[in-house]
1. Helix 59-71 sits at what angle to the longest principal axis of the chain, using alpha carbons and giving 0 to 90 degrees rounded to 10?
2. Quick check on packing: order 8-18, 70-80 by the mean number of other C-beta atoms within 10 Å, highest mean leading.
3. For the range 95-158, give the magnitude of the charge dipole about the Cα centre (Cβ charges: +1 Lys/Arg, -1 Asp/Glu; no others), in debye to the nearest 20.
4. How tilted is helix 89-98 with respect to the longest principal axis of the chain? Cα atoms for both, answer in degrees (0 to 90, nearest 10).
5. Angle, helix 139-157 long axis vs. longest principal axis of the chain, Cα atoms, 0 to 90°, nearest 10?
6. Given a 1.4 angstrom probe, what's the average accessible area per residue across the range 25-123, in square angstrom?
7. Ignoring ligands, DNA and RNA, what percent of the 1.4 Å accessible area of the chain is carbon and sulfur?
8. Using alpha-carbon pairs under 8 Å, 6+ residues apart, how would you state the relative contact order of the chain in percent?
Amino acid sequence: MEYGEKDYAYMRRALELADMAADRDEVPVGAVIVDPASHTIIAEGYNRPISLNDPTAHAEIIALRAAAHSLQNYRLTGLDLYVTLEPCSMCAGAIANARIRRVVFGADDIKGGAVISGTKFFDQPTCHWHPEILGGVLAGPCSDILKAFFRARRKITK
């Protein structure tokens, strides 16, 4: 699968957001929502469940909420979501409800992912929205930041 230069640029921004999460001792995942027609970043987010005491405060959810608020519309049809880690089932459900046009992610998540792994949410017959999926954009750096984060956590607990 081929990626465009814009895909790399937006994923690099998502990685910067993942770094912000890591700096706050949150799992380092970042997300960016983009209007592909104008090449404008509409909203951004990074994982914040610990700091917000909110189990739903995943990077994707934070970005989706910010985009909906900014556009004053819960439907985000025509927009693209870039996220450093394959979305989970909760986030996939929110993506479907928002009607995101395209989901671009970095690292696969074989344990918790629900796009190409696990439940394959968008492939289910009951799923009412099917965004275009593009995985593996900057997969190495997206995976590396997560591995480093959890490696450091394991050292702390030993």
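1. The helix 59-71 is inclined about 40 degrees to the chain.
2. Details: 8-18: 20.7, 70-80: 14.6.
Ranking, from highest mean packing down: 8-18, 70-80.
3. Working: 11 positive and 5 negative charges, 95 e Å.
In debye, rounded to 20, the range 95-158 gives about 460.
4. 30
5. For 139-157 against the chain, the angle is about 40 degrees.
6. Counting only protein heavy atoms, the per-residue value for the range 25-123 is 42 Å².
7. On the way: 4400 of 8070 Å².
Ligands and nucleic acids excluded, carbon and sulfur give 54 percent.
8. Relative contact order of the chain: 20 percent.
The values are calculated or read from the model by the stated rules, or taken from the named source; none is laboratory data. Because the structure is predicted, anything quoted here is derived from the model rather than measured. Methodologically, a virtual Cβ is constructed for each residue, glycine included, from the backbone with ideal geometry; neighbour enumeration extends over all protein chains shown. When the accessible area is computed, the model is the full protein with side chains, heavy atoms only, and any ligands, DNA or RNA have been set aside. Shrake-Rupley method; radii C 1.70, N 1.55, O 1.52, S 1.80 Å.
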